[in-house]
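Heads up, the thing below is written out as structure tokens.
FYI, it's all coordinate maths here, none of it is from the lab. Here the structure is a predicted model, which is why all the values come from computation and not from measurement. Every residue, glycine as well, gets a Cβ built from its backbone with ideal geometry; the counts of neighbours run over all protein chains shown.
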Amino acid sequence: MNITRNTILASCLTLTGLINSGSISAADNNVVTVGGTGENCLEDPGCVNRLHPDIPMAARAQPGQTILFRARDARDSLGAVAAQTTEPEELSNRNFGAVHPMAGPVFIEGAEAGDVLKVTLKNIDPGRYAYTSGGSSGFIPDLVDGELLVIWRLNRDYAETDDIPGVRIPNASFPGVISTMPGPNQLRLMLEREQELADAGGSVSLPFPDGASPSDLCGPNGTARSECLRTIPPREHGGNMDIRYLQAGVSIYLPCYVAGCGLAIGDLHFAQGDGEVSGTAIEMSANVWATTEIIKDGPDLSRGPHYEGPSQLLDIPSRRFYAVTGIPVKNSGEVPPDMQYLNSDVVAGLSNLSNDINLAARNAIDGIINYIMTTYGYNRNQAYIIASVAVDLRISQLVDAPNVGVTALLPLDIFIDN
């Protein structure tokens, strides 16, 4: 069967039409709806922003049954899709502890610990507005000064903003977070290894009760406040994977660690470049329709989830591109920020690091930002955000020691006046 991008889009629009026409709706007895009520995640009984085996299930669904996840944006600032009536002039300053709200968890009937849960994304319906922030954060915080917050207007085709005029970013919606709940053994191992890394000076997001939901379990007075995992990093159970290819039409294989698995979805992105280098994509709320299948004796997911889908989703959304390559070289005396916790005199004294893919990627991103600034006239903060939402980082090669290679691909069709 020849599957084309238009076939995929037509399938998505067909489902959307059914949803809008009432053939499929939240009120349909065959659709399980979770999330989307209340002013924020703390007030929403179908929303959580922590991971723990004791988090109660918010809904139950049969395998194959359609589940509608009414998911909130990463900062819990925009509200659910139905609440977005006017363009925000600024975003509410939510506690960082409120990141990332997830709709769920959903108990999948018949699923047991040890199973694999196949989750197929059927349709993603964006909200009306979104945002991206960038500056002294993200992948290259030492190379960008100040902060910029961009507010996007969304439709089914593209995003645009007055903050970066002349750019339209095509719709490539996907959830940054797709997760099952960890089991007691997985939770213990994850807490131990992340605490060890924190003790060594590494960058880790340890349990933090402020803003946590559910509050009675994970909040400041919660019974497991020092055990609830943050959603910042991905882990074996999925979580904040931020993989831009997880769009409608893709199936994700997740491990089931607890009875019912506890499926949750959040951190919706309208578009993102491979890397999400400013720290954010085009962050939005969205409604997500998905189905599940339970697989016995499934693939080994001990090092992370698997996924599959039509190969057209791997393409860049453009007829033309410009690319910058990076290799792991630096100025002598410099220590990249991600390596400072090692307290290594060796790193500082070298101008070439062996097989360091992170440094190669850093150089590729710095180069593509400079190209955007020089060619299109945007300032560095604007270029950083463009790179975060549109530029793809790809590994070129890993074997030509010491200089592994990374390529930063910029789709040129996003510049509407070009």
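Starting from the Cα of Asp54, move 7 Å in the Cα-to-Cβ direction to define the label point; list residues of region 222-253 whose amide nitrogen is under 15 Å from there.
222-229
Collect residues whose amide H, placed 1.01 Å from N in the peptide plane, falls under 5 Å from the amide H of Asn123; neighbours closer than 5 in sequence don't count.
Trp289
Please identify every one of the trypsin sites (Lys or Arg not before Pro) in region 109-211 that sits in a loop by DSSP and has no more than 16 other beta carbons within 10 Å of its own beta carbon.
Arg156
What is the Å³ per residue value for the convex hull set by the Cα atoms of region 257-364?
So the per-residue Cα hull volume is 204 Å³.
I need the Kirkwood Rh of region 61-142: take the reciprocal of the average 1/r across all distinct C-alpha pairs and report it in angstrom. Mind dumping the intermediate values first?
On the way: mean 1/r = 0.0629 Å⁻¹.
Every distinct Cα pair counted, the radius reaches 15.9 Å.
Among Thr374, Thr66, what is the fewest-to-most ranking by other Cβ atoms within 10 Å?
Lowest count first: Thr374, Thr66.
Where the centroid of each part is defined by its Cα atoms, how far is region 62-131 from region 345-417 in Å?
Region 62-131 and region 345-417 have Cα centres spaced 31 Å from each other.
Quick one: grab Rg to one decimal and Dmax as a whole number for region 321-414, Cα atoms only, in Å.
Here Rg and the maximum Cα pair distance are 14.2, 45 Å.
Label point 7 Å out from Ala113 along Cα-to-Cβ: which residues of region 169-184 have amide N under 17 Å?
From region 169-184, the list is 180-184.
Could you check which residue among Thr180, Thr291, Thr33 shows the biggest mean-square fluctuation in a GNM of the chain with a 10 Å Cα cutoff?
Of Thr180, Thr291, Thr33, the Gaussian network model singles out Thr291 as fluctuating most.
List the lysines whose Cα lies under 16 Å from the Cα of Lys296, skipping any in the same chain that are fewer than 8 positions away.
Those lysines meeting the cut-off are Lys118.
Please give the contour-minus-distance gain from Lys296 to Arg168: 0.36 nm per residue of separation, less the Cα-Cα distance, rounded to one decimal in nm. Spell out each step's value before the answer.
On the way: separation 128, 0.36 × 128 = 46.08 nm, distance 4.38 nm.
Stretched fully, the Lys296-Arg168 segment lengthens by 41.7 nm.
Given the convex hull of the Cα atoms of the chain, what is a quarter of its surface area in nm²?
20.8 nm²
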